[in-house]
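**Student:** Structure provided below as structure tokens; questions to follow.
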Amino acid sequence: MPVNSIHIPTYPYYINGDWLESRSGQTIDIYSPYLNEVIGKVQAITKDEVDEAIISARIAQRDWAIRPLQERAQYLYRWADELVASKDEIAATIMKEVGKTLKDAYKEVTRTAEFIQYTVEEALHMHGESMRGDSFPGCSKSKVAITDRVPLGVVLAISPFNYPVNLSAAKIAPALISGNTVIFKPATQGTISGLKMIEALHRSGLPKGLVNLVTGRGSEIGDYLVEHDSIDMISFTGGTSTGINIAKKSVMIPLVLELGGKDPGIVCEDANLFESAKQIISGAFSYSGQRCTAIKRVLAHENIADNLVQILKEETMNLSVGSPKDESMIVPLIDHQSADFVQGLIDDALEKGATLVTGNKRSKNLIYPTLLDNVTMDMDVAIEEPFGPVLPILRVKSDQEAIDIANQSEYGLQASVFTNDINRAFRISNNIEAGTVQINGRTERGPDHFPFIGIKKSGIGSQGIRRSIESMTREKVTVLNLAE
Ligand code: NAP
Ligand code: G3P
């Protein structure tokens, strides 16, 4: 499909089942975060081309919505099979494009195929309900309400760079199985991986117009998409500032926004420090901390903080740093701008008196894993989402102080509580403002049938397979007024 100029492929966009080059004649260079070279060019499409995508989605939706569920299911099962069949190519593309290790990239493809299969099975077992009128005082039982779920129409699915395949399919699969059509806008730095996923969908024989891939910078076509009056629902995963912009610009349509996080790891003095440290390090540093659910601060009880910091230091210094090709735990960040932001947080904290435990070393967009102790709330690293490998440690005197500091954050995605006392765990969990609290485990999304919720500036609405299907449908009530 791509037209080769010398070595750099140019990738088309995809509308109504056709692979096209934009009439804008404009393309965007995609740099590999670790190869530091252009690995491909993607189309910068025009607003007219966005309109064409939305029109084809609208037209196709009428027929798709009335197709039998089993028929829709077969296309998604085939899509999952096609993804598995082309996992080598897709995983290699994910690694090159977003700098994830090949092992993690394969995991992402496999997880996506399983997600699609589970979404189909879940939908096959979601049924409406019926109600009789006579359960309400004075009403007759000959009044019967039949409630069913119907598709919303055209869903705008916008995904982030860090899971270019999984967090895209996590929107497209529930949308399709429930009778919607999709306008898919991948992150620019994730477009090629997203396109490979759509190629697999194309090979499944999915009817034209059901899924349309629109490529281009969010800063150029994003607002136009979001404000478009033919969009019926937006499912967005990305940064909080972008999410807030979408909430302001979208008009009277359902939104699911999965945004940033500042997940705390609260370590009580009775916790198993070695197990807690393992979970914290994995939660904080996998994929260099470029996960919305990464542990982004440690709130350690002062009685055990010295021991915990020592263990965290050893664990951090044992982390492999380098190229994703070598399966390194710490890999170069998605771009230099992100690395500058992370370095800025480290510098600010050290200037304000934080203790450098280990790290604070950098080579271009590769930031070495950094632990900062004695961090206080006046330091930006205590409140900002780094999306990089820096972990601040704040010492607390009590569970209540940990809860207060945790809840001071504008974010509310997840939190971890480490203790051997289950009652204490629930006391803390019940008071933490977050969508999910993990007891003695790292913060993470999944398994993918679990509800995944961000509150406060971490989001609106809920993901997780059944929740996603529900968010892309609405109830339709038919009332039978039978003869008495
Ligand atoms: P981002 O910069 O917010 O971009 C996310 C998506 O929004 C991209 O596709 C981007 O396109 C698009 N976009 C940009 N401006 C837009 C606009 N005006 N209207 C509509 N769409 C627009 O986020 P990112 O850097 O890709 O991802 C990192 C952030 O996402 C972090 O904050 C992380 O916490 C969050 N995240 C949250 C979750 C979750 O489930 N809660 C999961 C993953 C990531 P371009 O790429 O073309 O700019
Ligand atoms: O940032 C992506 C987010 O959805 C996290 O997923 O599975 O790495 O916790 P996971």
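**Student:** Give 409, 398, 363, 416 a once-over and let me know the one that is surrounded by fewer than 21 Cβ atoms within 10 Å (Cβ to Cβ), of a type in the set (Gly, Ala, Ser) and under 28 Å from the mean Cα position of the chain (by Cα). Show your work before the answer.
**Tutor:** Working: 409 fails: surrounded by fewer than 21 Cβ atoms within 10 Å (Cβ to Cβ); 398 fails: under 28 Å from the mean Cα position of the chain (by Cα); 416 fails: surrounded by fewer than 21 Cβ atoms within 10 Å (Cβ to Cβ).
Of 409, 398, 363, 416, the one residue that is surrounded by fewer than 21 Cβ atoms within 10 Å (Cβ to Cβ), of a type in the set (Gly, Ala, Ser) and under 28 Å from the mean Cα position of the chain (by Cα) is 363.
**Student:** Run residue 130 past the list (1) of a type in the set (Gly, Ala, Ser); (2) part of a loop (DSSP other than H, G, I, E, B); (3) over 18 Å from residue 213 (Cβ atoms); (4) touching a Ser or Thr at 6+ places or on another chain (Cβ under 8 Å) and report the number of the one that doesn't hold.
**Tutor:** The single condition residue 130 does not satisfy is (2).
Conditions tested, residue by residue: (1) under 30 Å from residue 383 (Cα atoms); (2) at pLDDT 95 or above; (3) among the hydrophobic types (A, V, I, L, M, F, W, C).
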{"site": "205", "(1), (2), (3)": "no, yes, no"}
{"site": "231", "(1), (2), (3)": "no, yes, yes"}
{"site": "238", "(1), (2), (3)": "yes, yes, no"}
{"site": "241", "(1), (2), (3)": "yes, yes, no"}
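**Student:** Out of everything in the stretch 132-180 that is of a type in the set (S, T, N, Q) and in contact with a helix residue (DSSP H, G or I) (Cβ under 6 Å, 6 or more places away or on another chain), what residue ends up being farthest from ligand 2 (Cβ to nearest atom)? So that I can check it myself, show each step before the final result.
**Tutor:** Residues of the stretch 132-180 of a type in the set (S, T, N, Q): 135, 140, 142, 147, 159, 162, 166, 168, 178, 180.
Adding the requirement that they be in contact with a helix residue (DSSP H, G or I) (Cβ under 6 Å, 6 or more places away or on another chain) leaves 140, 159, 166, 168, 178.
Values: 140: 49, 159: 10, 166: 8, 168: 12, 178: 21 Å.
Checking each candidate, the answer is 140.
**Student:** Sticking with this structure for a sec: Could you tell me whether residue 264 is more than 10 Å from ligand 1 (Cβ to nearest atom), closer than 26 Å to residue 401 by Cβ and surrounded by 15 or more Cβ atoms within 10 Å (Cβ to Cβ)?
**Tutor:** Values: more than 10 Å from ligand 1 (Cβ to nearest atom): yes; closer than 26 Å to residue 401 by Cβ: yes; surrounded by 15 or more Cβ atoms within 10 Å (Cβ to Cβ): yes.
Yes.
Condition check ((1) within 16 Å of ligand 2 (Cβ to nearest atom); (2) small (Gly, Ala, Ser)) across all residues:
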residue	(1), (2)
290	yes, no
297	no, no
300	no, yes
303	no, no
311	no, no
318	no, no
327	no, no
333	yes, no
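**Student:** Quick check on my filter: what residues within the stretch 156-199 are more than 17 Å from residue 43 (Cα to Cα), away from ligand 1 (no atom under 13 Å from the Cβ) and crowded, with 24+ Cβ neighbours inside 10 Å?
**Tutor:** Across the stretch 156-199, the qualifying residues are 169, 172, 173, 174, 175, 176, 177, 178, 180, 181, 182.
**Student:** Give the residues of the stretch 175-224 that are more than 19 Å from residue 472 (Cα to Cα), not small (Gly, Ala, Ser) and not in a helix (DSSP H, G or I), sorted by residue number.
**Tutor:** Going residue by residue through the stretch 175-224, those that are more than 19 Å from residue 472 (Cα to Cα) are 187-208, 214-224.
Retained after the next criterion (residues that are not small (Gly, Ala, Ser)): 188-189, 191-192, 195-199, 201-203, 206-208, 214-215, 217, 220-221, 223-224.
Passing the criteria: 188, 189, 206, 207, 208, 214, 215, 217.
**Student:** Here's another thing I want to ask about it. Can you say whether residue 223 is touching a residue at least 24 places away in the same chain (Cβ under 8 Å) and not β-branched (Val, Ile, Thr), as far as the supplied structure shows?
**Tutor:** Values: touching a residue at least 24 places away in the same chain (Cβ under 8 Å): yes; not β-branched (Val, Ile, Thr): yes.
It is true that residue 223 is touching a residue at least 24 places away in the same chain (Cβ under 8 Å) and not β-branched (Val, Ile, Thr).
**Student:** List the pairs whose first member sits in the stretch 271-287 and is within 15 Å of ligand 2 (Cβ to nearest atom), whose second member is assigned to a helix (DSSP H, G or I), and whose Cβ atoms are under 8 Å apart, counting only residues at least 6 apart or on separate chains?
**Tutor:** Here the result reads 280/312; 281/312; 281/315; 281/316; 285/316; 286/104; 287/104, each pair linking the stretch 271-287 to a residue that is assigned to a helix (DSSP H, G or I).
**Student:** Which of the residues spanning the stretch 170-196 are within 20 Å of residue 102 (Cα to Cα) and in contact (Cβ under 8 Å) with a residue 60 or more places away in the chain?
**Tutor:** Passing the criteria: 189, 190, 191, 192, 193, 195, 196.
The values are calculated or read from the model by the stated rules, or taken from the named source; none is laboratory data. Note that this is a predicted model, so its numbers are computed, not measured. Please note: Cβ atoms are built from the backbone with ideal geometry, for glycine as well, and neighbour counts cover all protein chains shown.
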